Amino acid sequence: MKSQDYLDCNATTPIADEVAAAMTRTLADAFGNPSSIHWAGLLARDAVKEARSQVVSLLCCDATEIVFGVPHLPPSRPCLVNHSPRDSR
């Protein structure tokens with residue numbers, strides 16, 4: 001079959017196999033509400049902390065600048081801000 005390029009990333013975006021594997025593990029193991037204090041919530045909270053730490057390392061920013069929200073809900077639509085190491089903020 002001929003290789004095709006997918007250019008309609010407005011609604012969906014193909015993801016790398018590594019991303020799918022990480023998401024599958026997290027959805028299976030850390031499915032709780034990270035705001036809860038029971039065992040499932042604590043696992044989810046740890047997963048969120050780890051994800052935030054990874055984003056902080058990638059963007060060279062402060063953890064307080066990373067907010068995870070629910071996509072497609074107007075009050076929590078995330079915005080990307082340039083957090084490159086050259087950023088003088």
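The values are calculated or read from the model by the stated rules, or taken from the named source; none is laboratory data. Note that the structure is a prediction, hence the values are computed from the model and not measured. Here the Cβ positions follow ideal geometry from the backbone for every residue, glycine too, while neighbour counts run over all protein chains shown. Only protein heavy atoms, including side chains, enter the accessible area calculation; ligands, DNA and RNA are left aside. Shrake-Rupley method; radii C 1.70, N 1.55, O 1.52, S 1.80 Å.
Checked against the criterion of being open to solvent by 70 Å² or more (accessible area, probe 1.4 Å), in contact with a Ser or Thr (Cβ under 8 Å, 6 or more places away or on another chain) and not charged (D, E, K, R), segment 12-27 has no qualifying residue. Taking residues in segment 1-19 that are within 25 Å of Gln54 (Cα to Cα), and partners anywhere that are surrounded by fewer than 10 Cβ atoms within 10 Å (Cβ to Cβ) and at pLDDT 75 or above, the pairs with Cβ atoms closer than 9 Å and at least 6 places apart or on different chains are Thr12/Tyr6; Thr13/Tyr6; Pro14/Tyr6. Among the residues of segment 1-11, write down those that are of a type in the set (A, V, I, L, M, F, W, C) and open to solvent by less than 90 Å² (accessible area, probe 1.4 Å). Matches in segment 1-11: Cys9, Ala11.
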